[in-house]
Amino acid sequence: MRLEIPDPSLVLLVGPTSSGKSTFARAHFAPTAVVSSDACRAIVADDENDQSATDAAFQVLHLIVAKRLERGRLTVVDATNVRPAARAPLLELAHRCHLPTVVIAFDLPLELCEARRAVRTDRDAGAEVLQRQREQLHRGIDGLVAEGHWSVHVLRSAEEVAGVEIARVPLPPDRRRDRGPFDVVGDVHGCLVELETLLARLGYEREREAPWRHPQGRRVVFVGDLVDRGPRVADTLRLAMDMVDAGSALAVPGNHDDKLLRKLHGRTVHVAHGLEETLAELAQAPPTFVDRVRDFLERLPSHLVLDGGRLVVAHAGLPQGLHGRESRRVRDRALFGETTGVLDADGLPMRVDWAARYQGRALVVFGHTPVLEPRWRNQAVDIDTGCVFGGALTALRWPERELVSVPAERAYAVPARAMVADPFVSPEVVRRRERENRERDIRERGDRRVRDRDPRTSDATRSAEDRAS
Ligand SMILES: [Mn+2]
């Protein structure tokens, strides 16, 4: 059996004593990647079996796991992990580091574990300990799936364990081995004519209905927001999907694409800000096309790390600590940016100038917030020059770092906020406004609960973001 393990991730071996976890860990992972509770007991008490050292041992274990995950190192925890309460702090560490968790559970026949336990000289666990741990595992095995792991693998026989082949796979955003060269294209929003003009300017060609391709093998990276507001959304999707399928483009999702995907999944979304026209266009298309759009959007990675880690593409930008990581929070941040729920005088969300604080060396190319001209800050550039609002469609050529823009044929939509050279607000100003709003809410409503609402997950905030981008 081939088990795919994302690297980096946190791998939890789950199973009672004498189920073969340590042997398995030794066979498949580097010694430094395996953190064992027995070894930690020995470290603090010189005795793997000293149960009085368990609390101290797990403090050490959790610290090692935390430090490894912070550094993005694949980490395997070799402990029984049969109780949800034992797994919870480990899941929390992975969550905090924006890394997925994988469970490999050892649910082997009792006779086999018992036979192994009886002949062990290094362990003094009784038969009743094994029995209890097996019961805990069985009670929890359905709950394992509900814990939201990347994957759960249950091994049920010695033959299955012996037949395991571990395949390490990079996380979806990790395409560091892909060296390019690339042409990163800003928010298209259904502006098909401008997109085709831009592709031609960049040297892409097409024979009849075949997908666009570059004779020198350059590839497009779409920065997201292919859909909504513009005149030819379905044709834009078709062009992008054809290029991706043909290997001449990559893509990340924008907040508008994500909202369309949620709608196609039958979820309730606020149909506004151009989505109504997108849905009307898709209603004219064959159902197979709509299925293709859904599959395409579903497979898009939250962001991309390219060319040895030197180039990062994320729809609304991404701070360095999240590059190459994968979690709900990473996805929200890449799609919506640093949302605070703080609105300006026009009722639009304030756009935090995250790039002003960006100190990373990778160039982060993003869109989402329309600007009059491509805007550079540190190693980050906003290339959404508001084509659908009558601005221009812009590409950044990599590694040349050259910008190529084609003007919009006309304005297809009116921006909620007039386009300016610098729509971003410094983080300090946003924090101050946030504090003032909070104090006002508490004063006026006597309601402290407003503070607990997480602006990143609030539908009102998402809707305001869609309107402003
Ligand atoms: Mn956007």
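Here the Karplus relation 6.51 cos²θ - 1.76 cosθ + 1.60, evaluated at θ = phi - 60°, turns the backbone of the range 403-416 into coupling constants of 9, 10, 10, 10, x, 5, 5, 6, 8, 9, 8, 9, x, 5 Hz, with x for every Gly and Pro. In this structure, the amide hydrogen of L393, modeled 1.01 Å from its nitrogen in the peptide plane, lies closer than 5 angstrom to those of V406, A408, counting only residues at least 5 positions away or on a different chain.
Computing Rg and the Kirkwood Rh from the Cα coordinates of the range 2-170 gives a ratio, Rg/Rh, of 0.93. As a proxy for reagent exposure, R361, R201 were ordered by neighbouring Cβ count within 10 angstrom, fewest first; the result is R361, R201.
Between Q131 and T197, how high is the FRET efficiency from 1/(1 + (r/R0)^6) when r is the Cβ-Cβ distance and R₀ = 51 Å? Nearest 0.05. The value I calculate is 0.10. Counting every other Cβ atom within 10 Å of each residue's Cβ, E402, E209, E147 order from fewest to most as E209, E402, E147. Dipole check for the range 149-232: with +1 at the C-beta of Lys and Arg, -1 at the C-beta of Asp and Glu, and the Cα centre as origin, the magnitude is about 280 Debye.
Across the chain, the relative contact order, built from alpha-carbon pairs under 8 Å that are at least six residues apart, equals 14 percent.
Here the relative contact order of the range 150-295, from alpha carbon pairs under 8 Å that lie six or more residues apart, stands at 21 percent. Cα-based values for the range 164-286, radius of gyration first and Dmax second, are 16.1, 52 Å. Working note: Cα gyration tensor of the range 325-412, eigenvalues times five, square-rooted, sorted largest first, giving semi-axes of 22, 20, 12 Å. Once backbone amide H atoms are built at 1.01 Å from N, R219 has F182, D183 as its partners under 5 Å, excluding neighbours fewer than 5 places away on the same chain. Shown for R208, R438: other C-beta atoms within 10 Å of each C-beta, ranked fewest to most, produce the order R208, R438. Specify which residue in the list C113, V76, H98 is farthest towards the positive end of the charge dipole of the range 66-113, using unit charges on the beta carbon of Lys, Arg (+1) and Asp, Glu (-1), about the Cα centre. The residue sitting farthest along the positive end of the dipole is H98. Starting from a Cα-only point model with no solvent, please compute log10 I(q)/I(0) by Debye for the chain at q = 0.06, 0.07 1/Å. Taken in order of the listed q values, log10 I(q)/I(0) reads -0.34, -0.45. Taking amide H as placed 1.01 Å from N in the peptide plane, the amide H of V34 sits under 5 Å from that of V76, each at least 5 places away or on another chain.
If you count the DSSP beta bridges with both ends in the chain, what percent of them are antiparallel, to the nearest 5?
In the chain, DSSP labels about 30 percent of beta bridges as antiparallel.
At full extension, A418 and T288 could sit 43.0 nm farther apart than now, given 0.36 nm per residue minus the alpha carbon distance.
For the range 365-414, the list of trypsin sites (Lys or Arg not before Pro) that fall in a loop by DSSP and count at most 14 other C-beta atoms within 10 angstrom reads R401, R410. For the pair E165 and R438, the difference between a 0.36 nm per residue extended length and the Cα-Cα distance amounts to 92.9 nm. Taking packing as the residue-averaged number of other Cβ atoms within 10 angstrom, the listed peptides 266-274, 95-103 run from highest to lowest as 95-103, 266-274. Every helix of 4 or more DSSP H residues in the chain counts as -39500 (n - 2.57), and over all residues that averages to -11500 deg cm²/dmol at 222 nm.
Got the relative contact order for the range 1-132 handy, in percent, Cα pairs under 8 Å and 6 or more residues apart?
Contact order relative to length: 41 percent.
Placing pseudo-labels 7 Å out from each Cα toward the beta carbon at H138 and D50 gives an inter-label distance of 3.5 nm.
The 3J(HN,Hα) values that the Karplus relation (6.51, -1.76, 1.60; θ = phi - 60°) gives for the range 59-64 are, in residue order, 4, 5, 4, 5, 5, 4 Hz. Gly and Pro appear as x.
Quick note: the coordinates plus some simple rules give every number you see, no bench work behind them. Given the structure is predicted, the values throughout are model-derived calculations rather than measurements. Don't worry about glycine lacking a Cβ; one is built from the backbone with ideal geometry, like all the others, and counts go over all protein chains shown.
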